[in-house]
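Remarks on the structure that follows.
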Amino acid sequence: MPGVNPKSYADFDVLVKQAQAAERGKLHFLFLPDGFGTLFDMENEPPSVTLDVMLTLGAIARETQYLGLLATGSTTFNEPYNLARQFKALDVMSHGRAGWNAITSSTNDAASNYGVKIPSSADRYGRAHETVQLVQALWGSWGREAWVHNQESGQFAKQDQILPINLHGKYVGSRGPLYIPPSEQGQPIIVHAGGSPNAHDLAGRFASVVIGSAYTIEDAKFQRNAFREAAKGYGRNPDEIKFFAGIATTISEDRRTALDRRIRLTESHFPERVAYLQHMLGIPLDFNRINEPLTQQQLNNAQPSPYDPRSLNALKIAKEGWSLKDILAHGVIDYHPAIVGPGIEAADHMQEWFEADAVDGFWINPDVFSDGIDAFVDQVVPILQERGLFHIDYEGKTLRENLGVPDQYGIDPRV
Ligand SMILES: Cc1cc2nc3c(=O)[nH]c(=O)nc-3n(C[C@H](O)[C@H](O)[C@H](O)COP(=O)(O)O)c2cc1C
């Protein structure tokens with residue numbers, strides 16, 4: 001994007017500034033996805049993950065005070081002891097703001113960097129269930145009141161409250177204990193990102209937050225409900241699991257300016273996107289006529305693909321008479337519903353989904369981080385606050401307090 005430092009990807013000062021922008025807007029958390037494997041289009045784009053999620057959040061923890069810090073950590077390609085140690089250290093370092101996005105990794109691309117093939121879903125999720133339990137047991141292995149650090153008596157900690165866990169399952173094991181005391185929120189919260197039935201089950205058992213992807217209100221409702229039902233099945237109150245759907249944002253003063261910004265940012269992808277849009281609409285499209293609206297005949301012949309839930313929206317935008325280029329600039333092929341326009345359009349979208357009980361909240365994917373987070377904070381957050389839909393300030397200092405996640409230390413005895 002013009003005006004953006006192309007070396008930002010490796011610049012931690014830039015990442016810290018972006019996190020501070022989110023905190024200025026009172027956003028609850030920053031979510032860092034992670035993956036190891038696919039390098040998409042290195043000729044033209046930086047990778048879409050940070051250099052290292054834990055090191056990044058370690059740097060951000062020192063320069064923010066309230067923002068929750070969620071990092072992705074694979075249960076397939078890490079040992080529980082490593083995960084327990086790193087995430088609790090981040091939690092202590094950030095004074096109780098850490099969350100662990102426990103995901104299983106699902107591609108051979110990722111597995112190949114560990115010299116193996118990706119295990120079956122049953123094995124990945126079997127290991128994930130054991131790993132989360134073990135990590136939580138390790139977190140609880142340093143007793144809550146164990147740390148006395150009494151200089152006069154010379155007692156550092158109560159040894160009899162820092163105990164081994166001696167857990168061994170089919171996939172993983174650990175003796176423990178972990179040598180890290182509780183943070184201000186006790187221990188990190190568990191997050192999950194995924195949508196398969198196995199994901200519902202894992203998250204229903206352990207997660208407080210689900211980072212989701214849904215293109216329609218109906219789909220979001222279905223997913224949210226599946227997670228809530230799974231939580232009930234494990235004896236939890238369904239309100240303990242919060243479903244956040246994604247939105248992609250290009251916020252500008254009006255629709256035209258926003259569309260032009262998207263065109264500048266994404267037009268190098270238009271040839272393959274026109275090809276894909278043909279499948280979504282079921283009609284041939286001519287790249288050479290990208291500046292013209294679809295003809296009446298094309299619109300009459302269009303048959304939205306039943307296999308892609310985004311197709312109906314793409315056809316709706318096409319029928320409004322936008323040029324082919326503008327149809328694409330509306331983000332009709334994005335991974336999340338896209339808001340390309342003034343802040344009020346994002347606020348309306350969020351209010352509609354929230355009031356339909358389709359979501360508990362949203363995670364925001366701004367088009368360009370260097371100014372897209374600020375645009376959201378300045379042009380959407382105040383509208384949501386005025387409407388009474390978003391908090392005016394943080395409720396507390398820890399992530400649990402700010403998200404309303406119940407206290408937990410060690411394993412949840414119910415699950
Ligand atoms: C919104 C969302 C975010 C995700 N983020 C990550 C991620 O950061 N790293 C990762 O390896 N997988 C991520 N995933 C993939 C899921 O963890 C999961 O592996 C994938 O959906 C395949 O499902 P399965 O493993 O249940 O077969 C994400 C999925 C969704 C829906």
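Which ones in the range 217-226 are more than 12 Å from the ligand (Cβ to nearest atom), among the charged types (D, E, K, R) and open to solvent by 50 Å² or more (accessible area, probe 1.4 Å)?
E218, K221
Taking F243 as meeting all but one of (1) open to solvent by 10 Å² or more (accessible area, probe 1.4 Å); (2) within 16 Å of the ligand (Cβ to nearest atom), write down the number of the exception.
Answer for F243: the failing condition is (1).
Given (1) in contact (Cβ under 8 Å) with a residue 60 or more places away in the chain; (2) touching a Phe, Trp or Tyr at 6+ places or on another chain (Cβ under 7 Å); (3) away from the ligand (no atom under 12 Å from the Cβ); (4) not small (G, A, S), identify the lone condition not met by E130.
Failed condition: (1).
Could you figure out which of (1) surrounded by fewer than 24 Cβ atoms within 10 Å (Cβ to Cβ); (2) closer than 25 Å to S121 by Cβ; (3) in contact with a helix residue (DSSP H, G or I) (Cβ under 7 Å, 6 or more places away or on another chain); (4) at pLDDT 95 or above isn't true of G195?
Tallying (1) surrounded by fewer than 24 Cβ atoms within 10 Å (Cβ to Cβ); (2) closer than 25 Å to S121 by Cβ; (3) in contact with a helix residue (DSSP H, G or I) (Cβ under 7 Å, 6 or more places away or on another chain); (4) at pLDDT 95 or above, G195 fails exactly one: (4).
Tell me, which helices (runs of 4 or more DSSP H) lie completely within the range 266-364 with 3 or more residues that are away from the ligand (no atom under 16 Å from the Cβ) and of a type outside the set (A, V, I, L, M)? Break it down into steps so the answer makes sense when it comes.
Details: elements: 270-281, 296-301, 311-319, 324-329, 343-355.
Output list reads 270-281, 296-301, 311-319, 343-355.
Just one of (1) more than 16 Å from the ligand (Cβ to nearest atom); (2) surrounded by 15 or more Cβ atoms within 10 Å (Cβ to Cβ) trips up E229, so point out which.
Exception for E229: condition (2).
Restricting the search to the range 305-351, which residues are of a type in the set (D, E), open to solvent by 20 Å² or more (accessible area, probe 1.4 Å) and closer than 18 Å to L294 by Cβ?
The answer is E320, and nothing else.
Please specify each residue of the range 135-146 satisfying the condition of being open to solvent by less than 10 Å² (accessible area, probe 1.4 Å) and assigned to a helix (DSSP H, G or I).
Correct list: V135, Q136, L138, W139.
Can you tell me which condition Q161 does not meet? The list is (1) free of Cβ contacts under 8 Å to residues at least 60 places away in the same chain; (2) more than 16 Å from the ligand (Cβ to nearest atom); (3) polar (S, T, N, Q); (4) crowded, with 18+ Cβ neighbours inside 10 Å, and all the others hold.
Result: Q161 passes all but (4).
Could you please give the count of residues in the range 217-235 that are over 19 Å from the mean Cα position of the chain (by Cα), farther than 24 Å from D334 by Cβ and assigned to a helix (DSSP H, G or I)?
Final tally of qualifying residues: 5.
Is it the case, given these coordinates, that Q187 is touching a residue at least 12 places away in the same chain (Cβ under 8 Å), within 24 Å of G404 (Cα to Cα) and of a type outside the set (A, V, I, L, M)?
Details: touching a residue at least 12 places away in the same chain (Cβ under 8 Å): yes; within 24 Å of G404 (Cα to Cα): yes; of a type outside the set (A, V, I, L, M): yes.
Against the criterion (touching a residue at least 12 places away in the same chain (Cβ under 8 Å), within 24 Å of G404 (Cα to Cα) and of a type outside the set (A, V, I, L, M)), Q187 qualifies.
Conditions tested, residue by residue: (1) of a type in the set (D, E); (2) away from the ligand (no atom under 16 Å from the Cβ); (3) not in a helix (DSSP H, G or I).
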| site | (1), (2), (3) |
| --- | --- |
| H149 | no, yes, yes |
| E152 | yes, yes, yes |
| P177 | no, yes, yes |
| P181 | no, yes, yes |
| V191 | no, no, yes |
| A199 | no, no, no |
| G204 | no, no, no |
| I211 | no, no, yes |
| Y215 | no, no, yes |
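Working carefully through the options T104, T131, T72, find the one that is over 30 Å from E395 (Cβ atoms) and either acidic (D, E) or within 19 Å of the chain's Cα centre (by Cα) (or both).
T104
Please indicate, with yes or no, whether at least one residue in the range 291-304 is β-branched (V, I, T) and within 30 Å of F243 (Cα to Cα).
no
List, please: which pairs have Cβ atoms under 6 Å, are six or more places apart or on different chains, and start with a residue in the range 7-25 that is closer than 18 Å to G68 by Cα and open to solvent by less than 50 Å² (accessible area, probe 1.4 Å) and end with one that is at pLDDT 95 or above and polar (S, T, N, Q)?
Between residues of the range 7-25 that are closer than 18 Å to G68 by Cα and open to solvent by less than 50 Å² (accessible area, probe 1.4 Å) and residues that are at pLDDT 95 or above and polar (S, T, N, Q), the close pairs are L15/T56; A19/T64; E23/T64.
The values are calculated or read from the model by the stated rules, or taken from the named source; none is laboratory data. Note that the coordinates shown come from a computational prediction; the quantities given were computed from them, not determined experimentally. Using ideal geometry, Cβ is built from the backbone for each residue, glycine included, and neighbour counts are taken over all protein chains shown. Accessible surface is based on the protein model in full, side chains and every heavy atom, while ligands, DNA and RNA are left aside. Shrake-Rupley method; radii C 1.70, N 1.55, O 1.52, S 1.80 Å.
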